[in-house]
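Inspection log for the structure reproduced underneath, given as structure tokens.
The values are calculated or read from the model by the stated rules, or taken from the named source; none is laboratory data. This one's a predicted model, so the numbers in the text were calculated from it and none came from an experiment. Cβ: placed from backbone, ideal geometry, glycine included. Neighbour counts: every protein chain shown. The accessibility values were calculated without ligands, DNA or RNA, using every heavy atom of the protein model including side chains. Shrake-Rupley method; radii C 1.70, N 1.55, O 1.52, S 1.80 Å.
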Amino acid sequence: MSRVPTGFPRDFMWGGAVAANQLEGAWDIDGKGICVADINEFQDNIAIEKKGNKELTRAYVEEAAASTDKIFPKRHGIDFYHTYKEDLKLLAGLGLKTFRTSINWSRIFPNGDDQMPNEAGLRFYNDLFDEIIKNGMEPMITISHYEMPLHLTTAYKGWYSREVIDFFVKYCNTVFDRYAGKVKYWIIVNQINLIGHESFNHLGVAEDVVDDLKSAKYQAVHNEMVACARATKYAHEHYPEMQIGMMLCGGPDYPASCKPEDMLATLKHNQMEYFFSDVLLRGYYPGYAFRFFEDNHIQVEFGEHDEEDLKNTADFFSFSYYYTQICSKESYENGNEVYRNKELPANPWGWTIDPIGFRILLNEFYDRYRKPIYVTENGIGCYDKLEDGQIHDSYRVDYLRDHIAQMKEAIKDGVDVRGYYAWGPIDIISCSSSEMSKRYGFIYVDLDDYGKGSGERIKKDSYAWMQKVIASNGEDLD
């Protein structure tokens, strides 16, 4: 008798995912404080493949916060703060069963170390979650998605300062208490392994306030993982119905050749990408991490109760999947680096297209953790052209069709995939390059990189295609 699943589970969660800082706007109203995303600058005079967030100095942070002449698109987003009711109706029209967004930390605790939360911020998310549920979608909420209050990076040293552990746990417990009964699924930190190119945006550590930036990053993420574990313990003790997840930015990264040296280097590289989920799902530091720290002269200090705290593990695993890369002995020895696989096609930003890699990674993660998996981001950023009021984005359909087909194959392999969230189902500001022109959505938003345009929402061709996919529970991909 066959035990191979025939397709997606009946209760499969078809969803869409966004981040508060990339679409809400309203960056300085209703008591919100300035956050790290609010100083993500758009620069139109650099090559497309070099656009992205970078390490920042304390002086730059302070200058950007006070700047009146630089362009910071995330401050305005697509004005979702004021249009969420209309936008959620459009998204519900896709047939979405679930919707992932984040709570902007600086709306709840404007400075991060405030004694009391900002009631206006709490009320906004209360109303937003009600509206998500009203439209027939299950909320999945990220607590930290590149929205650290900027004050924690200037008055402290971001996550490098252990004081931030208590500030963050207080924030987590506040939103757990406030939204219990509305929100069942939580991701505490978005893509927690992104500490290389997103280290300031993620960890809030300015490069010139620490003596050893490499060690500081791992100390900061250690503190962050301890905070995640403490928050998980609180949720499990007070709200056993809640499901707490952790999230990686997925790979996988392939060896550059079949040479043993390249194979070993890739193993070591991938281990240090899985390190974060190994800790948060298994509850302890693996031996390979201690070896990596020793080999690379990295110092991480544990607090007295950290090892015990880390035993409070997450309930499910989630990850984003966009592209794969290559690792060699040489690239690994050059700071654990990887590089683009030029055998694969890519979008204009150099993000390779590798649907089979998606299936490989789903199998690897399930073999490793045996936990339910939610694919909480997948999509392709492209330039969309508005022609006669329409957007013909067959390239987006091709990308999603091929990836959903490989996810179905992974389910047939026995992988317990519970949900799939297309990234950016409505156009939003790019995380990495702060561009509006890097579009992912099924819904076009008529705004350019400078925030100019009508703001009109227009359904792309991919909207009708995704409706059909969801209505058929993934059976009709034509």
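Some observations on this one:
- Residues (of a type in the set (Phe, Trp, Tyr) and either part of a loop (DSSP other than H, G, I, E, B) or open to solvent by less than 90 Å² (accessible area, probe 1.4 Å) (or both)) located in the range 262-308: 274, 275, 276, 284, 285, 288, 292, 293, 302
- When the range 441-453 is filtered for residues that are buried (at least 23 other Cβ atoms within 10 Å of the Cβ) and free of Cβ contacts under 8 Å to residues at least 24 places away in the same chain, only 441 remains.
- For residue 367: the one exception among (1) touching a residue at least 12 places away in the same chain (Cβ under 8 Å); (2) outside any loop (DSSP other than H, G, I, E, B); (3) out of contact with any Leu (no Cβ under 7 Å at 6 or more places or on another chain); (4) surrounded by fewer than 22 Cβ atoms within 10 Å (Cβ to Cβ): (1)
- Of all the criteria given as (1) surrounded by fewer than 23 Cβ atoms within 10 Å (Cβ to Cβ); (2) among the hydrophobic types (A, V, I, L, M, F, W, C); (3) within 23 Å of the chain's Cα centre (by Cα), the one not satisfied by residue 428 is (1).
- Whenever a residue of the range 194-214 is under 14 Å from residue 153 (Cβ atoms), its partners that are crowded, with 17+ Cβ neighbours inside 10 Å and polar (S, T, N, Q), lying with C-beta atoms within less than 6 angstrom and at least six residues away or across chains, give the pairs 198/53; 201/53; 204/153.
- A count restricted to the range 28-56 and to residues that are of a type in the set (Val, Ile, Thr), modelled with pLDDT under 90 and in a loop (DSSP other than H, G, I, E, B) stands at 1.
- Criterion: more than 16 Å from the chain's Cα centre (by Cα), more than 30 Å from residue 55 (Cβ to Cβ), buried (at least 17 other Cβ atoms within 10 Å of the Cβ) and at pLDDT 95 or above - qualifying residue of 412, 438, 460: 460
- Check on residue 70, open to solvent by 20 Å² or more (accessible area, probe 1.4 Å), over 30 Å from residue 177 (Cβ atoms) and free of Cβ contacts under 8 Å to residues at least 60 places away in the same chain: yes
- Listed by position, the helices (runs of 4 or more DSSP H) contained in the range 135-235 that have at least 2 residues being among the aromatic types (Phe, Trp, Tyr) and open to solvent by less than 10 Å² (accessible area, probe 1.4 Å) are 163-179.
- Per the listing 125, 84, the residue uniquely open to solvent by 20 Å² or more (accessible area, probe 1.4 Å), part of a helix (DSSP H, G or I) and at negative phi is 84.
- Any hit, the range 111-121, residues being open to solvent by less than 10 Å² (accessible area, probe 1.4 Å) and over 16 Å from residue 23 (Cα atoms): yes
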